[in-house]
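The values are calculated or read from the model by the stated rules, or taken from the named source; none is laboratory data. On a predicted model such as this, the values are computed, not experimentally measured, just so you know. Here the Cβ positions follow ideal geometry from the backbone for every residue, glycine too, while neighbour counts run over all protein chains shown.
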């Protein structure tokens, strides 16, 4: 019974988010009364109220006492599910990509630093295999295979850090990270840059020097920032101007 109720709450949350992400309800607009939300979704007012509590906890909405419930701008949201839905709908997609790179820099440079002193031979072998698969995919022009191998390389470094919280943090973003990675990897020059930097990161981790490993990963993320700005952000701005 509890599971069925939770499912109904999720349905209401998704329906309200759809109204917000479609632009029907804009930031700082008031939501309809709970009774109207319940009627639209075919649920009880209690279920609608629970859904509102979920959205409040994620900072999607806020309450003005005596006035009602209002929508926060997406940049104030703290719920991962809501943020992911906004990102997948292309809400500020360029900004989302750059913010994801910031997260990757914070997490992955530290992971590489730890991996340098905690890795084992299986970790190095797996990273080397992923690198070979990236090179083969690059030669074959297979962007999907290259993206999968790219993510596998980084995932192995996260796990080689020896801290299970590290892969768990980025694992929640896996779908969005794949989409962003694939978009960037569509360019052959970007593929070559990634392969080159992966070789440097692998060598740095294998060296056992945590400082060198951290610097190598930082240089890789910096190159990714530059590639995004050059190949994707610039193209997006040009397209908007042309349109």
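I'd like the full set of residues that are in contact (Cβ under 8 Å) with a residue 24 or more places away in the chain and either surrounded by 19 or more Cβ atoms within 10 Å (Cβ to Cβ) or part of a loop (DSSP other than H, G, I, E, B) (or both), limited to the range 24-33. Once the filter is applied, which keeps residues that are in contact (Cβ under 8 Å) with a residue 24 or more places away in the chain and either surrounded by 19 or more Cβ atoms within 10 Å (Cβ to Cβ) or part of a loop (DSSP other than H, G, I, E, B) (or both), the range 24-33 yields 25, 26, 27, 28, 29, 31, 33. Within the range 53-87, the set of residues being under 17 Å from residue 12 (Cα atoms) and in contact with a strand residue (DSSP E or B) (Cβ under 6 Å, 6 or more places away or on another chain) comprises 55, 61, 62, 69, 70, 71. Scan the range 160-175 residue by residue and report those that are in a helix (DSSP H, G or I) and over 17 Å from residue 203 (Cα atoms). Once the filter is applied, which keeps residues that are in a helix (DSSP H, G or I) and over 17 Å from residue 203 (Cα atoms), the range 160-175 yields 165, 166, 167, 168, 169, 170, 171, 174, 175. For the structure I just gave you, tell me whether residue 175 is surrounded by 17 or more Cβ atoms within 10 Å (Cβ to Cβ), out of contact with any strand residue (DSSP E or B) (no Cβ under 7 Å at 6 or more places or on another chain) and more than 19 Å from residue 116 (Cβ to Cβ). No.
Conditions (1) under 21 Å from the mean Cα position of the chain (by Cα); (2) farther than 14 Å from residue 109 by Cα, marked per residue:
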| position | (1), (2) |
| --- | --- |
| 133 | no, yes |
| 137 | no, yes |
| 154 | yes, no |
| 164 | yes, yes |
| 209 | no, no |
| 215 | no, no |
| 222 | yes, no |
| 225 | yes, yes |
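From the list 204, 219, the one residue that fits, being more than 20 Å from residue 98 (Cα to Cα) and either at pLDDT 95 or above or surrounded by fewer than 17 Cβ atoms within 10 Å (Cβ to Cβ) (or both), is 204.
Whether a residue is surrounded by 15 or more Cβ atoms within 10 Å (Cβ to Cβ) and either outside the structural domain of residue 104 (by TED's automatic domain parsing) or over 30 Å from residue 79 (Cβ atoms) (or both) was assessed, and residue 152 does not pass this test. On the given criteria, is residue 186 farther than 25 Å from residue 80 by Cβ and without any contact (Cβ under 8 Å) to a residue 60 or more places away in the chain? Spelling it out, residue 186 is indeed farther than 25 Å from residue 80 by Cβ and without any contact (Cβ under 8 Å) to a residue 60 or more places away in the chain. When you check residue 145 against the structure, is it without any contact (Cβ under 8 Å) to a residue 40 or more places away in the chain, outside the structural domain of residue 21 (by TED's automatic domain parsing) and either within 19 Å of residue 189 (Cα to Cα) or buried (at least 19 other Cβ atoms within 10 Å of the Cβ) (or both), yes or no? It is true that residue 145 is without any contact (Cβ under 8 Å) to a residue 40 or more places away in the chain, outside the structural domain of residue 21 (by TED's automatic domain parsing) and either within 19 Å of residue 189 (Cα to Cα) or buried (at least 19 other Cβ atoms within 10 Å of the Cβ) (or both). In the range 108-117 there is no residue that is out of contact with any strand residue (DSSP E or B) (no Cβ under 8 Å at 6 or more places or on another chain), under 27 Å from residue 84 (Cβ atoms), without any contact (Cβ under 8 Å) to a residue 40 or more places away in the chain and surrounded by 18 or more Cβ atoms within 10 Å (Cβ to Cβ). Restricting attention to the range 54-87, the residues that are in contact with a helix residue (DSSP H, G or I) (Cβ under 9 Å, 6 or more places away or on another chain) and in a strand (DSSP E or B) total 5.
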